[in-house]
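In what follows, a structure is listed as structure tokens, so that the remarks can point back to it.
The values are calculated or read from the model by the stated rules, or taken from the named source; none is laboratory data. For clarity, every value in this text was computed on a predicted model and none was experimentally measured. Cβ atoms come from the backbone with ideal geometry, glycine included; neighbour counts cover every protein chain shown.
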Amino acid sequence: MRLFIIKILVGVAIILATLFTSNFAFANSLGVEPLFLEIRPGQSAAIRVNNISDNDAPVEVYVKERLVDATGVQTRREADDAFIIFPPQTVIPPNSTQVFRLQPIDKTMTESKSYYVSIRQLPVDLGESDGEGARVQVVFAFDAAVHVIPRKAEPKPVAVDAKLSQMTIKVPTGRYENDDEGEPREVMEDKIVPAAQLTLRNDGNRYLYLQDQEYTLNGTQQDGSSLTFDDWSVDEVLKSVSVVLLQPKSTRTFKLPLPEGTKPSNLSFKVKARR
């Protein structure tokens, strides 16, 4: 008899990509809410985990700090000592809810910091089984995005540089094929299009999200006329940029698509928060 453990990650990446249209994640028998939190240094917050199954659910909570470099590569750094978490590990009885409380330890921070608080279901001993074959245990992990923000902290986006570049986007082909569940799905293909490569700096002491900003690109067309382009929606920014977090005192370079045939020069851009 063999036991296979399948780990499934559910949560913050999907939630952020849909602009927090939901603040709750559910997978099989476990649910977690909220998946997005902003708290002050020294304040406490609560994350609720619901077990709607008929079995005990052992879970643990751990914290990692989110770090994003200038190219948008995100890494996680161990940060269990940044919070007081209670309980750090427990067994949730069937059809019950467990409240996990977390409180940042550093009360003197001057800039916001961003974390993932992960709630992970632990594998359990399934016991002996008659007969042959594999036994599968599905183990879920949820990431809650937690930002610790000092009082009166504010972001300050600053436009640094703009260049003409290219990027690859997905475009519909008009053809359909069945997915793994037999449902028709439109086939997408890669297409190279012109792009504005923007460099943005956050001089403030609070994080910002790239899709929450409006970008106005200015340049000169080949015939010498001026060009202004600002038609990037929230959805288009989210589709173009995989990691949208820009932390305090950090710089980020990313690309946004331009209409086909666009070849401006002398590029610059302006940025302001969306209303």
Since Lys107 meets every condition but one in (1) closer than 15 Å to Val32 by Cα; (2) touching a Pro at 6+ places or on another chain (Cβ under 6 Å), which condition does it not meet? (1)
Is it true that Val99 is modelled with pLDDT under 95, over 30 Å from Lys272 (Cβ atoms) and either assigned to a strand (DSSP E or B) or aromatic (Phe, Trp, Tyr) (or both)? no
For region 199-224, give me the residue count where each residue is at pLDDT 95 or above, outside any helix (DSSP H, G or I) and among the acidic types (Asp, Glu). 2
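Of everything in region 135-186 that's in a loop (DSSP other than H, G, I, E, B) and of a type in the set (A, V, I, L, M, F, W, C), which residue is surrounded by the fewest Cβ atoms within 10 Å (Cβ to Cβ)? Write out each step before concluding.
Kept after step one, since they are in a loop (DSSP other than H, G, I, E, B), are these residues of region 135-186: 149-156, 179-183.
Within this subset, residues satisfying the condition of being of a type in the set (A, V, I, L, M, F, W, C) are 149, 153.
Values: Ile149: 21, Ala153: 18.
Ranking the qualifying residues of region 135-186, first place goes to Ala153.
Could you list, in sequence order, all residues of region 210-222 that are in contact (Cβ under 8 Å) with a residue 60 or more places away in the chain and surrounded by fewer than 20 Cβ atoms within 10 Å (Cβ to Cβ)? Break it down stepwise before answering.
From region 210-222, those in contact (Cβ under 8 Å) with a residue 60 or more places away in the chain are 211-214; that's our starting set.
Once the filter is applied, which keeps residues that are in contact (Cβ under 8 Å) with a residue 60 or more places away in the chain and surrounded by fewer than 20 Cβ atoms within 10 Å (Cβ to Cβ), region 210-222 yields Asp212, Glu214.
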